[in-house]
Amino acid sequence: MPRPVLDLLLLPDWLVPVEPAGVLLKNHGLGVADGKIVLIAPRADALKHQAKHVMELPGRLLTPGLVNAHGHAAMSLFRGIADDLPLTTWLEKHIWPAEAKWVTEQFVQDGTELAIAEQLKGGITCFSDMYFYPQAACGQVHESGIRAQITLPILDFPIPGARDAAEALRNGMRLFDDLRHHPRLKVAFGPHAPYTVSDDKLENIRVLADQLDAGIHMHVHETAHEVRQSLEQRGERPLARLNRLGLLGPRFQAVHMTQINDDDLELLVTSNSSIIHCPESNMKLASGFCPVEKLWQAGINVAIGTDGAASNNDLDLLGETRTAALLAKAVSGSACALDAHRALRMATLNGARALGLDDQIGSLEVGKQADLVVFNLNNLAQQPVYDPLSQLIYTAGSACTEHLWVGGKQLLESGALLRMDEQRIIDTARAWGEKIRTGQTGTSA
Ligand SMILES: [Zn+2]
């Protein structure tokens, strides 16, 4: 049988497929055709295939594209607007008033574009988003070539773009219809948090999510205060309430989960829900620590997210993964916790699984989408390379990202964005910053 002609053949020094777990391949080639991975073979065998484009990648590591499983992309325009404050003060005194004043459809377009550009430059090929005007975020995902889960924000109070939750859901239903066959966009529900969404709305969301087979993405047990308040006001923990309302299940994505008792753990295991760990946001807002190692040992799918740039303050998932690997050791009291292979799995395949995309992305396997990233480990700070994966997790940052593809289409080449105008994006963000600063203080100083 004639071999298919490859569109692209990558020849890196090292390749970590993520599945099977714990494997590092040396001197292998990866072939792409029609946007999918069609070949992973030792270099000599790979070179027997005809390819339209061959890339020699000495000193480079090829991995699946990173999956940033939680964020608020457009909030990149609020990066650094309010720091060093506890969650409640930060939200109620700073973020919510700023959002009420500044967030428009244009703000979301520009902020999401900034976030996508930063993420692509950091090796992220897929992200999850929870923000207002989700249709504007969808437009930017479509244009930029990245992959995303866009969630519909639902809260008890009016939000930018919707007078109430019913209107937000009505608008959202149109997105489900319009994007049903989009190759890179997936729509899900994004009820903000247990303390901002009432029972009737959550029940409504559960019914719709079941009908549409859609994900439910929600901040849950972000702080001890949230759990204490729910116990005082309702006599039950937020996770128990969500379980009573039927929301937990394989499509449920619980973001943060810094507070987990034995009953919570049991609910998470039996419902097969995913957890999205956001260590830097949790540390910066002093929210608490998600016990990642304990969850992992219990068999729970743990993914990772940067959260929004207003509480992090960057979208560097590689840096976030290093933080997670270090924090897991500190929290569990075991230096063996979350080793480099498992850390990368959390940032790729586990993220894909949380978003219901693990049949398409998250690992380098024949038949999956060619969502790929090449990290350059030839830099001074990575020398010498005994173990390239150790270097990736414990020394590299987003600046090591060199090339990136989504569905076989190259979006980053030698660190430069191919489809987006980086200078224009910087200029637009600066203009927003100036406008917001002036509007807040009445002076441009
Ligand atoms: Zn968040």
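Yes/no matrix, rows are residues, columns are (1) hydrophobic (A, V, I, L, M, F, W, C); (2) surrounded by 15 or more Cβ atoms within 10 Å (Cβ to Cβ); (3) within 19 Å of ASN68 (Cα to Cα); (4) in contact (Cβ under 8 Å) with a residue 40 or more places away in the chain:
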{"residue": "ASN376", "(1), (2), (3), (4)": "no, yes, no, yes"}
{"residue": "LEU380", "(1), (2), (3), (4)": "yes, no, no, no"}
{"residue": "PRO384", "(1), (2), (3), (4)": "no, no, no, no"}
{"residue": "LEU404", "(1), (2), (3), (4)": "yes, yes, yes, yes"}
{"residue": "GLN423", "(1), (2), (3), (4)": "no, no, no, no"}
{"residue": "ASP427", "(1), (2), (3), (4)": "no, no, no, no"}
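On the stretch given as segment 234-286, residues that are crowded, with 24+ Cβ neighbours inside 10 Å, within 16 Å of the ligand (Cβ to nearest atom) and among the small types (Gly, Ala, Ser) total 3.
Exactly one residue out of ASP307, ASP371, ASP387 is farther than 23 Å from ALA115 by Cα and either in contact with a Cys (Cβ under 6 Å, 6 or more places away or on another chain) or among the acidic types (Asp, Glu) (or both), and it is ASP387. If you go through segment 435-444 one residue at a time, do you hit one that is under 18 Å from the mean Cα position of the chain (by Cα), in contact (Cβ under 8 Å) with a residue 60 or more places away in the chain and part of a helix (DSSP H, G or I)? No: segment 435-444 contains no residue that is under 18 Å from the mean Cα position of the chain (by Cα), in contact (Cβ under 8 Å) with a residue 60 or more places away in the chain and part of a helix (DSSP H, G or I).
When you check GLY319 against the structure, is it touching a helix residue (DSSP H, G or I) at 6+ places or on another chain (Cβ under 9 Å) and assigned to a loop (DSSP other than H, G, I, E, B), yes or no?
Details: touching a helix residue (DSSP H, G or I) at 6+ places or on another chain (Cβ under 9 Å): yes; assigned to a loop (DSSP other than H, G, I, E, B): no.
Answer is no for this residue.
Screening ASN68 with (1) within 28 Å of GLY319 (Cα to Cα); (2) of a type outside the set (A, V, I, L, M, F, W, C); (3) more than 16 Å from the ligand (Cβ to nearest atom) gives one miss only, at (3). Among the residues of segment 204-233, those that are touching a residue at least 40 places away in the same chain (Cβ under 8 Å) and either surrounded by 13 or more Cβ atoms within 10 Å (Cβ to Cβ) or of a type in the set (Val, Ile, Thr) (or both) comprise ILE205, ARG206, ALA209, GLY215, HIS217, HIS221, GLU222, THR223, HIS225.
Residues in segment 167-203 that are touching a residue at least 60 places away in the same chain (Cβ under 8 Å), farther than 16 Å from HIS142 by Cα and not in a strand (DSSP E or B): HIS192 alone. For segment 303-322, a tally of residues being of a type in the set (Val, Ile, Thr) and more than 16 Å from the ligand (Cβ to nearest atom) returns 1.
In segment 104-113, is there at least one residue being more than 28 Å from ASN350 (Cβ to Cβ), in contact with a Pro (Cβ under 9 Å, 6 or more places away or on another chain), among the acidic types (Asp, Glu) and at pLDDT 95 or above? Yes, there is a match, as at least one residue in segment 104-113 is more than 28 Å from ASN350 (Cβ to Cβ), in contact with a Pro (Cβ under 9 Å, 6 or more places away or on another chain), among the acidic types (Asp, Glu) and at pLDDT 95 or above.
Residue check: GLU236 meets all listed conditions (1) in contact (Cβ under 8 Å) with a residue 24 or more places away in the chain; (2) over 19 Å from HIS72 (Cβ atoms); (3) outside any helix (DSSP H, G or I); (4) not aromatic (Phe, Trp, Tyr) but one, namely (1). Look at segment 276-289: where a residue is assigned to a helix (DSSP H, G or I) and a partner is of a type outside the set (Val, Ile, Thr) and within 12 Å of the ligand (Cβ to nearest atom), sitting 6+ places away or on another chain with Cβ atoms under 7 Å, you get GLU280/ASN312; SER281/ASP307; SER281/SER311; SER281/ASN312; ASN282/HIS256; LYS284/SER311; LYS284/ASN312. Quick one: would you say SER414 is within 20 Å of GLU118 (Cβ to Cβ), within 18 Å of the chain's Cα centre (by Cα) and hydroxyl-bearing (Ser, Thr, Tyr)? The answer is no for SER414.
The values are calculated or read from the model by the stated rules, or taken from the named source; none is laboratory data. These numbers come from a predicted model, not from an experiment. Reconstructed Cβ throughout: ideal geometry from the backbone, glycine too, with neighbour counts over all protein chains shown.
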